[in-house]
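Participant: Just passing along the structure, written as structure tokens.
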Amino acid sequence: MSGSNIPSPLPKPLDRRALVLVLLTVALWGGNPVATRYAVESLPPITVSGLRFLMATGVMLVWCRLERTSFRVTRRQWGPIVIAGTLLFLQITAFTVGTALTSSSNTSLYVNTFVFWVVGLEHFVTRADRLNSTRWTGLFVAAAGVVLLLAQTAAFRTEQRDLPSLGGDAVLLFSAFLLGLKFIYTKHALKVIGPTELIFWHDIVAVAQFAVAAALLEQPDFARITPSAAAGLAYQGLLVGGVCFALQAHLLKKHSASQIAVFSFATPLVGVLLGALFRGDRLSPGLLIAGAAVAVGIYLVNRTD
């Protein structure tokens with residue numbers, strides 16, 4: 001509680017069980033682009049986004065009941081909820097549209113560049129967290145990886161199931177920027193509302209916006225949903241939106257965010273490998289080097305020492 005003189009308990013080091021749970025969340029997040037790619041084969045992207053977060057909202061409702069979280073919202077809290085929900089709507093729409101236009105491997109690498117937008121915004125704009133030499137190195141290494149991946153996409157000639165495209169890559173980079181912006185804004189919003197309440201209500205705001213946008217812009221044919229598309233939707237809504245949230249909430253009760261975040265470097269690598277395994281993405285030398293550069297960059301910018 002603010003103003004209390006009782007010191008907060010020190011975070012515990014990650015033991016074997018905690019490490020397994022962290023790596024499980026990394027693996028689940030890494031599979032999200034592949035699951036999305038399956039879903040958009042049967043349904044248009046905004047509809048996919050709306051169904052994903054409709055399921056996630058259901059999970060959050062159960063979680064709030066278990067945690068006995070109050071659903072009451074004050075007048076002061078509605079503004080941050082609507083802004084956060086709108087950022088979520090825009091970011092996820094861009095993510096899903098971009099995923100439909102490029103390969104899942106490219107999606108895995110580009111969307112995880114949100115980390116660099118976060119540290120860049122916090123260094124240059126909010127000045128809440130300054131970059132040191134190690135983190136600057138991480139930014140430059142990751143930027144080199146992104147440039148290499150863009151160059152490879154421009155020169156891509158090999159046939160594969162999901163063809164990369166510069167248009168899709170650009171949309172995903174914009175999605176990563178929006179995710180970084182949402183991350184920064186969430187820190188501001190948490191000054192007036194708790195994290196669980198914010199996630200639940202901003203999900204509802206986003207689902208309402210997805211429903212309106214899908215009704216105006218898309219004509220989904222639900223009879224065309226294949227088993228793989230249904231599985232992709234369930235993966236996004238229940239495993240990523242539910243299990244990942246629950247695991248991270250559990251881990252943060254005992255361990256610091258920095259202890260957990262340092263392992264996020266593995267997320268794009270898992271995504272690239274799953275893209276190759278399930279979608280037949282070609283593991284070219286350029287893709288592997290770009291993936292390694294982004295992963296190293298994520299590791300370096302999350303270093304706290």
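Read the figures in this text as sums done on the coordinates, not as results from a lab. In this text, all values refer to a predicted model and were calculated from it rather than measured experimentally. Backbone-built Cβ (ideal geometry, glycine too); neighbour counts: all protein chains shown.
Participant: Got the relative contact order for the range 140-282 handy, in percent, Cα pairs under 8 Å and 6 or more residues apart?
Facilitator: 42
Participant: Sticking with this one: Go through the range 257-274 residue by residue and turn each phi into a ³J(HN,Hα) via Karplus (6.51, -1.76, 1.60, θ = phi - 60°); whole Hz please, and just put x for glycine and proline.
Facilitator: 4, 5, 4, 7, 5, 5, 7, 5, 4, 7, 4, x, 5, 4, x, 5, 5, 5
Participant: First obtain the Kirkwood hydrodynamic radius of the range 178-299 from its Cα pairs, then insert it into the Stokes-Einstein equation at 4 °C and 1.567 mPa s, and state the resulting D in µm² per second as a whole number.
Facilitator: 73
Participant: In percent, what relative contact order does the range 222-305 have, based on Cα pairs under 8 Å that are 6 or more apart in sequence?
Facilitator: Computed value for the range 222-305: 36 percent relative contact order.
Participant: Need one word for the chain: rounded, prolate or oblate. Basis is the Cα gyration tensor (sqrt eigenvalues a ≥ b ≥ c); a/c below 1.5 gives rounded, then a/b vs b/c decides.
Facilitator: Judged from the Cα gyration tensor, the chain comes out oblate (a/c at least 1.5, b/c at or above a/b).
Participant: Applying a 10 Å radius around every beta-carbon, put 79-87, 243-251 in order of their mean neighbour count, most first.
Facilitator: 79-87, 243-251
Participant: Given Cα pairs under 8 Å that are at least 6 residues apart, what percent is the relative contact order of the chain?
Facilitator: Relative contact order of the chain: 42 percent.
Participant: Can you order the peptides 132-140, 63-71, 31-39 by their average number of other Cβ atoms within 10 Å per residue, highest first?
Facilitator: 31-39, 132-140, 63-71
Participant: Still on this model: So if I place +1 on the C-beta of Lys and Arg and -1 on the C-beta of Asp and Glu, and nothing else carries charge, what would the dipole magnitude of the range 104-194 be about its Cα centre? I want it in debye, nearest 20.
Facilitator: 340
Participant: Right, next: Along the charge dipole of the range 49-174, Cβ charges K/R +1 and D/E -1, which of N132, G168, T86 sits furthest on the positive end?
Facilitator: Highest projection toward the positive end goes to T86.
Participant: In addition: Could you give the distance between the Cα centres of the range 75-102 and the range 163-242, to the whole Å?
Facilitator: The range 75-102 and the range 163-242 have Cα centres spaced 6 Å from each other.
Participant: Just to compare against my own numbers: the Cα pair-distance distribution for the range 119-227, 5 Å bins, whole % per bin, please.
Facilitator: Each 5 Å bin holds this share of Cα pairs: 2, 8, 10, 14, 15, 14, 15, 12, 6, 3, 0.
Participant: What value, in deg cm²/dmol to 500, does the helix sum -39500 (n - 2.57) over DSSP H runs of n ≥ 4 give at 222 nm once divided by the residues of the chain?
Facilitator: -23000 deg cm²/dmol
Participant: Oh, and also: Whose amide H sits under 5 Å from the amide H of D281, counting only residues 5 or more places off or on another chain, with H placed in the peptide plane?
Facilitator: So D281 has HN proximity to A276.
Participant: Treating cross-link reach as a plain straight distance, find the lysines whose alpha-carbon is under 22 Å from the alpha-carbon of K191, omitting any fewer than eight places away in the same chain.
Facilitator: Those lysines meeting the cut-off are K182, K253, K254.
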